[in-house]
Each structure stands twice: as structure tokens, then as C-alpha cells.
Amino acid sequence: MAALLTGSANLPQMKQKVWKCVPDLDRNLLWFLGVCSVATVALRAFDNYVAFALQGEAHDAGVAEWCALSAFAIGAMVMSQRQPKRLAQKLKHDQRVVTDPSPRERTPSRPLRRNRRGGSSSAGGSPLATRLPELDNLLPSSEPAGSQVQYLDESAVAAILRACRSGDASRAGTTVHEMLVRGMRSEAEAGMEASSAMHQIVDGACCKDAELALEWLLTALDAGVPIAARTLHLLMDAFAANSVGRCRRAEEALVAAVGKGAAPDANCFYCLFERCLPMSDAAGVEEWLRRPGLDMTMVFVGLIRSHNQTATPQEAEAWLRRATEAGVARLTHVYNAAIQVCLKANDLKRGMELFETLCDQTSRGATQPCATPDVVSYSLVMEANAQNRKDREVDRVFHQMMARGDCSKGVCYGTVIKAYARIGSVQVATEWLEEARAHEVHLDAACYSALVAAFAKLGMPEKADRLVQQMLREGPRPDAACYLAVINGYAKSQGSDTKAAPRIVRLMCEQNVEPNVAALGAALHACARAGSKGEAESLFKMVVSRGTVVPDSVCYNALINAAVKAGDIKAAERWVDSMFAARVTPNVVTYTTLLHAYARDGDIEAAERGMEMMRSNRIIPNAVSYSALMQACVKKGDIDRAEKWFHRMRAAGVQANAVCYSSILDGCAKIGDWLRAERWLAAMDEDGVTPTVVCFNNVINACAKGSNAARADAWLRKLLRDESPTAVGIPKIRVPAEVTATRQSFTSAAQAYASTGSVADVERIFADSSRLGMGLDQFSLTVLLSAYSRARPRQVEQAEKVFTDYITRGGKVTPPSLHVLQSCLGLRQFDRLMSQLGMGKVRGQWAHSLR
């Protein structure tokens, strides 16, 4: 039972060690207390044991004290692999409490007295003082050599990241130091793995201040936190991203980290040699090559990789010879880097020569390294030959790989399949896959994942989905990468099944493959695109309830978008509140989505509140945010308010885009203020923003609604690049080459003439559109029939002829067209024409039903 509760196979040996220090009288009590202390995994239990001893409730106070401390020793040894430092410190504290109890802990009925050795004993004496050294030998040292902090407080990490995002460096630094002082957490509150936690902290700090991130990284190294090489690379990249002086600072950061025991990888040295030390600085490069204590394999790999774009194959070979002469241990990695340089330079011949040299390597004695090709070596040359359509060479390398016997058949087939999949040759990769299955070769999930990702990247998510289904039936089981590739494929493919991504996420949960936050976000966006608010909310609750995914702003933004598309603004606002409750910071996308919802309803006040909330939360609105607010004003016809927000946007330093100007122009068109519209279009041109055809159409529409047909016609001529006198008199605004007149351009200009019955001008405009391949549609038909109806006298015969030709060509008819036609022809002649054309009246509206 004790072993079951504690989960340790070495408990009997531990018990024998401790029993040597314990009187025979109370061994059972000792063992019971030890089992309880480990089973509960609660440090407070040891305080209770000490209090039990001091209160003298046992038959012998000395034995009770020993039971308490020895029980602690058992618990410490069982859990020492997880938390030696914390438990050792606790033991020393409890020893001090027992040997020198405070007055309030003493029991009057059984007073303890100090002896000359600093221990404590009851009236009858106690062996405690003489036994303490033996207990110290049973426990690990309070600061074991080479100890590392394994876990850090997750809540503290989150607080640090929040402080970094808000720019409160002082609070963040204080929290970092407090967390590192606390160091290792107990098993019940282990929190985040220390290396991962520090990576997140450094990442968050680098966004604001790389110097601060370096300070925290060095402090963490001093505290025994293992720093991953990727974290060091992240910091170096942050330093090197700004200027030459900062590049030198990146090198200094690497030196400082290496001096405190960090182990940089090839990526760190890649950053060093590519961005900090140019090849012209031969002395600086040589200094790093002679620096002691470095993994020279990583140094040479980073050095060669750093010049992938500029180095010649000859230079790569020179560094390879230098690495060989230096006796680099893992020479294969250096060979792979040199081969990659050759292949990048499109020198396949030299790359293959290096590969063959690597294959022919044999042991040259103790002083010379021996290199053999690995999976990366074969993968590089297979992929290069596949890209050059040298399938026979790929086949030769594959059989060479099989013959050497360094890798299993599954790895060999997997290498060639992944090589073809990475270059997008999914058909050839599929053929190799089928060949492997025919030979009953076991392929791992990574091989299938590469092919699934290739299908998804090429816009064929259905084939990727079918491959995953095949894996479920026949094996191997798909991993998270397979599912995520299919989800991303469906999410990015236009016109794909919007229900597929949520279905894949549910399938992952059924197969006990935990979806990550990226998979959840992609599936939720698919639901939002389909307007499936209920499905999005159901999926979100199901995945989050599993406890493995912490939703981020992308997930919440998708839920908000789904609610907005469903027209449920209240639900969207509730999800924003949920973000705050979950301590997920809303971003500009969050508020802009809400602003678009308010704009659609014309709720200016709500949109303005949302904008002010963004500013109060230190979120900088972008041009899309402001354009949404301006659209809300335009929706209500308040063009002055829209202009006010435009000027506030410019005052805030936000550059206006075409959508912002288009929103203002749309407002001008709605009220027919063509002079204001022209001024805004001119301002747009002066601001360097390229006008779109929508902007020009808004100006034409403003002229039409402002009863200025000649002006509307002039703007149409400008879009048509017509230099006739009709186009004279309008502002000199450049029309981009990609902007051409659309059907709406012609319809809006014709509508201005139709309102006055100018049939000739309307027919002229639509004749121009027909020459450009834009015949009549239901809207232009309505405008033309309106011109015939408003003409004096009415053009009845022409209206009947145009309508008949339109119906004969199979054009679509709408109620406005029929209404205008009836007004022009009169009811009796209209009914006769409808009968002749075989059109019936359905549910009170005219519809096209040609027999």
C-alpha cells in the first residue's frame, strides 16, 4: 500500500536507511507518517508532525520528534527528483523549529530545555541532537551542484507578459526577480516548464526592450533556469534587427550568455555570422573559431549557413576543410550545411560530389573525424534532384540509402516521399507511398503529414482529408500536424466546405488528439465565414472544456465575427466581456469587428463608444477601424460627423486608405453633394492614395443625384479616357491605369439623363457600354425604360421593342423594370405584351416564366 501511494520502487531501501536512525519502538508510526506525507504531497503536513512532537502527545516526546523528522526524510527522498531544493530547505526549517521552538509552541506540561549542543530534549532526554547529522546525510544538499529550476510559477509568467505588453517594465522586472527567487514550485503547483516559461518572458520583453530581456535572461541563468538555444537566438535576433551598433550588442549578449553556461545552437551562430560579423571581419570570425568551450560543430554549421545566399560552393568547401582539420566531432552536420550552399547556388553537380564524398568517408584514425550521411543528407540531395526532374537520380540515391543499412526501410521511403511532397510533386509522392504500402513498409505519421500538408498547400484539402481518413482506417494514427494541415487547407481554400474544419476538430477530440489553439482558431474562423454562430460557440466550449487549450485573441475574434455575421451584436459584446474575464487582451481586430457591426446598423453612438474604448485600452485604431466608424455616420446620412472622424484619424497620425475616402465619397453620393465629392476625390489624389473605380463611381453617382447630368457624363468620359469636349471642366485627377469604367459607371451616368427624359443621351451611354461588352442588365434596363417613360412624348414602341429583345436574350427581370414598363405602356398594352411573351403573375409580382 505504501509503494502504491508513493509511486516509488525504491521505498524499501529508503525505509532501511531511515530506520537506522530511529528507535525500534515507533517504526510503525514513522512509516505511517512517511507514507501520509508523500501521499498528500503537502508540506503543511510536516509542520503538523512537528507540532505533534512539541505538544508531547506521544508516549515519548523525543521519539515523536524523530518520527516527524524521519517521516519528512522519507517524503523528501521519494520526491527529491522533482523538488530537492524546496524540500531540503523545508527540512532545515523544521529542524530549527524542533531544536529551538518559539515560546508559543512550548507545551507547559512537558517543557523542553536547551542543551549545550543547541538541541532540545524533554525532561527525560532525547537523542535528537546527536542524530541530526545523520539525517542531513540522508537528504540532498540544499543547493546541489548543477541543479536547475524545473518549473516556474505560471501565474507569475502571465503577470510578467501582461506588464510587458502594457509597457510597465518596472513591475515586470520585480515579478521576474520574485519568481526566480521562489524558484522551483511544489508538485501540486508546478506550473510551467522553466525553459519554456523563460522563452515566453524573453519574447515578451524583446518586443519592448531587448536590453531588459538580456538582463532577465542572465538573471535566470544565475538562478539555475535552463535557457533553451531558441530563446538565446530570439534575443540575438531582437538586438540585430535594428542597427549596426545593436548588431554588436547581439554579439556581446551571446558572449555573456555563453559565459554563464548557455549552449547556443547553429541558429545562434547563424545570426552572429550573418548579421553581426561580416566575412570581411576575419579577425572577429577567427576569434569565435578559437573561443574555448563552444560546440564547434554548431559554430561551423552556423558560419556556413550564414552565407547561404552569398557564399560560393568553393567557400563552403573551404570551411568544410577547415572544420575537418579542426577535428569537429559531428562532421556530418557541417557536410550537410556545405551541400545546402551548393544546392542553393544551383550547383547540383558540386553538391552531389560532396554527398558522394560523405558517403565514401571511412575512419581515418583517432585524430580524424569520421562522417557518414544521415537522413538530412539524403533528404537534401533527393529534394534537389526531384526539383530538377532527375527521378532516376532520386531512385539511385534511395537504393543507395537502402543498401547502406543506416536507416530502416520506413525511414528510407519516408525520406523520398517527404522530398517529393515538399516540392509539391504530390502525384510522385503518392506513387512512392503506394509502393511502400505494397511492400508492407511501416511509415510513420510524419511521412503522411508531409503529403497531407502538400495537398492542403496546393488547395486540395479534400484529398488531404481522404488521406487522413485512410490513416484512421489502416494506420498509422494521424498526429496533430496531419489534422492541423487539413484544417488550414480548408480554412484557406476559397469555396471549400465551411463545415469541414469544425468536423476535423471534433474528429481530433474523438481520437484523443488534442487540438492546439491554432486548430481551434482556424475552425472557428471557418464557422464565422459560414455565419454559423451556434456551431462556433459549441465547438469553442467543447475544446476549451478539455482543459488543454487556452484560447487566444484569434479564437475570441472568430467568435465575435461569427456573432456579427449572424446579426447578434449582443452576443459579440458578451464575447468581448469573456475575453476580459479570461485575461485575453482584445486587439484592434476585436474592436474593428464590432465597429463594422455598429456601422451596418447605423449605430453611431455605439461605434463611437467602441472607438473611445479602444483608445482607453491603449489600442491604436487603424484605418479600417476609422473607416467602419465613418460608414456608421454615412449610414445615418451624417456626412459632417464622418468628416470629423476622418480629420481625427489624420490628427492621430493614421494614414487614410482608399476605403476611408470611399466611405466619405459614398456619403456625398447619398446626399447628391457633387461639389464636396469632387473636393474629396482631389484630396485623395493629393494625399497619394490611389483612387479605385468605386471612388469614381461615387462621384458619378453624386452628380447624378445632384441633377448634374453633364458633370456625371464628364466623369464617365474621364474613366473612358475620352478627351472630347464633354470631359472638359472637371478637376485634373489622375486615373490609374488599372481603373476602368464598370457597368455601374454607365448606369449611374445614364440615370442622370433618364430623370430628365434625355433618351438620346441614355441610348448613347448604353451603346458605349455595349461596345465594351457590357450589355443591358436588370438595372440598366430599368434606367433605359425610365428614360422612355419620362420622354415627351413617351417612347412606347421603343420601350416595348427593347424589353422584348431583352426577354428574348434570356435577361433577368425585376419588379422595378416591370413597374416602369407598365407606367410607360399603360395597363392594357402591358398585359397584352406580358401574354405575348408568356410571362405570368405570381403572388402579386411579375416573374419571368417563358414557355
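State whether one or more residues within the range 619-626 are open to solvent by 50 Å² or more (accessible area, probe 1.4 Å) and either more than 26 Å from A163 (Cβ to Cβ) or charged (D, E, K, R) (or both). Let's see the steps before the verdict.
The initial filter retains those residues of the range 619-626 that are open to solvent by 50 Å² or more (accessible area, probe 1.4 Å), namely 620, 622, 624.
Imposing the further condition that a residue be either more than 26 Å from A163 (Cβ to Cβ) or charged (D, E, K, R) (or both) reduces the set to 624.
Yes; the residues of the range 619-626 include at least one that is open to solvent by 50 Å² or more (accessible area, probe 1.4 Å) and either more than 26 Å from A163 (Cβ to Cβ) or charged (D, E, K, R) (or both).
Which condition number does G637 fail, the rest of (1) in a helix (DSSP H, G or I); (2) surrounded by fewer than 20 Cβ atoms within 10 Å (Cβ to Cβ) being met?
For G637, the failing item is (1).
Between R615, R583, R609, which is over 14 Å from S663 (Cα atoms), open to solvent by 10 Å² or more (accessible area, probe 1.4 Å) and touching a residue at least 60 places away in the same chain (Cβ under 8 Å)? Don't jump to the end; show me each part of the working.
Values: R615 fails: touching a residue at least 60 places away in the same chain (Cβ under 8 Å); R609 fails: touching a residue at least 60 places away in the same chain (Cβ under 8 Å).
The unique qualifying residue is R583.
Exactly one of (1) open to solvent by less than 50 Å² (accessible area, probe 1.4 Å); (2) without any contact (Cβ under 8 Å) to a residue 40 or more places away in the chain; (3) acidic (D, E) is unmet by E686. Its number?
(1)
Return yes when A710 is open to solvent by 50 Å² or more (accessible area, probe 1.4 Å), modelled with pLDDT of 90 or more, not polar (S, T, N, Q) and not in a loop (DSSP other than H, G, I, E, B) and no when it is not.
Details: open to solvent by 50 Å² or more (accessible area, probe 1.4 Å): yes; modelled with pLDDT of 90 or more: yes; not polar (S, T, N, Q): yes; not in a loop (DSSP other than H, G, I, E, B): yes.
Against the criterion (open to solvent by 50 Å² or more (accessible area, probe 1.4 Å), modelled with pLDDT of 90 or more, not polar (S, T, N, Q) and not in a loop (DSSP other than H, G, I, E, B)), A710 qualifies.
Out of (1) modelled with pLDDT under 90; (2) surrounded by fewer than 19 Cβ atoms within 10 Å (Cβ to Cβ); (3) aliphatic (A, V, I, L, M); (4) in contact with a Ser or Thr (Cβ under 8 Å, 6 or more places away or on another chain), the odd one out for V550 is which?
All conditions pass for V550, except number (4).
Of everything in the range 798-812, what is more than 9 Å from L785 (Cβ to Cβ) and open to solvent by less than 20 Å² (accessible area, probe 1.4 Å)? Give them in sequence order.
Within the range 798-812, the first condition is being more than 9 Å from L785 (Cβ to Cβ), and the residues that meet it are 798, 800-801, 804-812.
Those that are more than 9 Å from L785 (Cβ to Cβ) and open to solvent by less than 20 Å² (accessible area, probe 1.4 Å): Y806, I807, G811.
May I ask you to verify whether A791 is among the small types (G, A, S) and either farther than 30 Å from L833 by Cα or exposed (fewer than 13 other Cβ atoms within 10 Å of the Cβ) (or both)?
Numbers: among the small types (G, A, S): yes; either farther than 30 Å from L833 by Cα or exposed (fewer than 13 other Cβ atoms within 10 Å of the Cβ) (or both): no.
In short, no.
Residues in the range 160-174 that are part of a helix (DSSP H, G or I) and in contact (Cβ under 8 Å) with a residue 24 or more places away in the chain: how many? Working first, answer last.
Looking only at the range 160-174, we keep the residues that are part of a helix (DSSP H, G or I), and these are 160-166, 169-174.
After this cut, where a residue has to be in contact (Cβ under 8 Å) with a residue 24 or more places away in the chain as well, the list is 160-162, 164-166, 169, 172-173.
Residues flagged as part of a helix (DSSP H, G or I) and in contact (Cβ under 8 Å) with a residue 24 or more places away in the chain within the range 160-174 amount to 9.
Which members of the range 158-193 meet the condition of being among the basic types (K, R), modelled with pLDDT of 70 or more and over 17 Å from T219 (Cα atoms)?
R162, R165
Residues that are out of contact with any Asp or Glu (no Cβ under 7 Å at 6 or more places or on another chain) and of a type in the set (D, E): list the helices (runs of 4 or more DSSP H) wholly contained in the range 732-851 that include at least 1 such residues. Explain how you work it out, then say what you get.
Details: elements: 743-754, 759-771, 778-790, 796-808, 815-825, 827-837.
Those helices (runs of 4 or more DSSP H) span 759-771, 796-808, 827-837.
Suppose we keep only residues that are farther than 16 Å from A536 by Cβ and modelled with pLDDT of 90 or more within the range 492-509. Which one would you say is least open to solvent (accessible area, probe 1.4 Å)? Spell out how you get there, then give the answer.
Of the range 492-509, the ones farther than 16 Å from A536 by Cβ are 492-496, 507-508.
Next, from what is left, pick out any that are modelled with pLDDT of 90 or more: 507-508.
Values: L507: 25, M508: 3 Å².
This residue is M508.
Looking at R676, R650, which is the one that is open to solvent by less than 50 Å² (accessible area, probe 1.4 Å) and among the basic types (K, R)?
Values: R650 fails: open to solvent by less than 50 Å² (accessible area, probe 1.4 Å).
Within the list R676, R650, the selection yields R676.
What are the residues in the range 238-253 that are over 18 Å from L217 (Cα atoms) and either exposed (fewer than 13 other Cβ atoms within 10 Å of the Cβ) or at pLDDT 85 or above (or both), if any?
N242, S243, V244, G245
Would you point out the residue of the range 813-843, among those that are modelled with pLDDT under 85 and open to solvent by less than 60 Å² (accessible area, probe 1.4 Å), that is farthest from the chain's Cα centre (by Cα)? Quick ask: steps written out before the conclusion?
We begin by selecting, within the range 813-843, every residue modelled with pLDDT under 85; these are 838-843.
Within this subset, residues satisfying the condition of being open to solvent by less than 60 Å² (accessible area, probe 1.4 Å) are 838-840.
Numbers: G838: 59, M839: 56, G840: 57 Å.
Among residues in the range 813-843 that are modelled with pLDDT under 85 and open to solvent by less than 60 Å² (accessible area, probe 1.4 Å), the one farthest from the chain's Cα centre (by Cα) is G838.
Being over 20 Å from Q744 (Cβ atoms) and in contact with a Leu (Cβ under 7 Å, 6 or more places away or on another chain) is the filter here, so list the residues in the range 766-801 that pass it.
Keep residues of the range 766-801 that are over 20 Å from Q744 (Cβ atoms), which gives 788-801.
Of everything in the range 766-801, those that are over 20 Å from Q744 (Cβ atoms) and in contact with a Leu (Cβ under 7 Å, 6 or more places away or on another chain) turn out to be V796, A799, E800.
Looking only at the range 222-237, which residues are in a helix (DSSP H, G or I), farther than 13 Å from I201 by Cβ and open to solvent by 10 Å² or more (accessible area, probe 1.4 Å)?
Once the filter is applied, which keeps residues that are in a helix (DSSP H, G or I), farther than 13 Å from I201 by Cβ and open to solvent by 10 Å² or more (accessible area, probe 1.4 Å), the range 222-237 yields D222, A229, R230, H233, D237.
Yes/no per residue for (1) open to solvent by 20 Å² or more (accessible area, probe 1.4 Å); (2) more than 17 Å from C412 (Cβ to Cβ); (3) free of Cβ contacts under 8 Å to residues at least 24 places away in the same chain:
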position	(1), (2), (3)
A438	yes, no, yes
H442	yes, no, no
V452	no, yes, no
A456	no, yes, no
G459	yes, yes, no
D465	no, yes, no
Q469	yes, yes, yes
A480	yes, yes, no
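Would you point out the residue of the range 498-527, among those that are assigned to a loop (DSSP other than H, G, I, E, B) and touching a residue at least 24 places away in the same chain (Cβ under 8 Å), that is nearest to D479 (Cα to Cα)?
Taking the candidates together, the pick is V513.
Tell me yes or no: at least one residue of the range 607-617 is of a type outside the set (A, V, I, L, M) and touching a Ser or Thr at 6+ places or on another chain (Cβ under 9 Å).
Here is the first cut: in the range 607-617, the residues of a type outside the set (A, V, I, L, M) are 608-610, 612, 615-617.
Okay, now just the ones that are also touching a Ser or Thr at 6+ places or on another chain (Cβ under 9 Å), so 610, 617.
Yes, there is a match, as at least one residue in the range 607-617 is of a type outside the set (A, V, I, L, M) and touching a Ser or Thr at 6+ places or on another chain (Cβ under 9 Å).
The values are calculated or read from the model by the stated rules, or taken from the named source; none is laboratory data. Predicted model only: the values in this text are computed from it and were never measured. Ideal geometry is used to build each Cβ from the backbone, glycine not excepted, and the neighbour counts take in all protein chains shown. Side chains included, ligands, DNA and RNA excluded: accessible areas come from the protein's heavy atoms. Shrake-Rupley method; radii C 1.70, N 1.55, O 1.52, S 1.80 Å.
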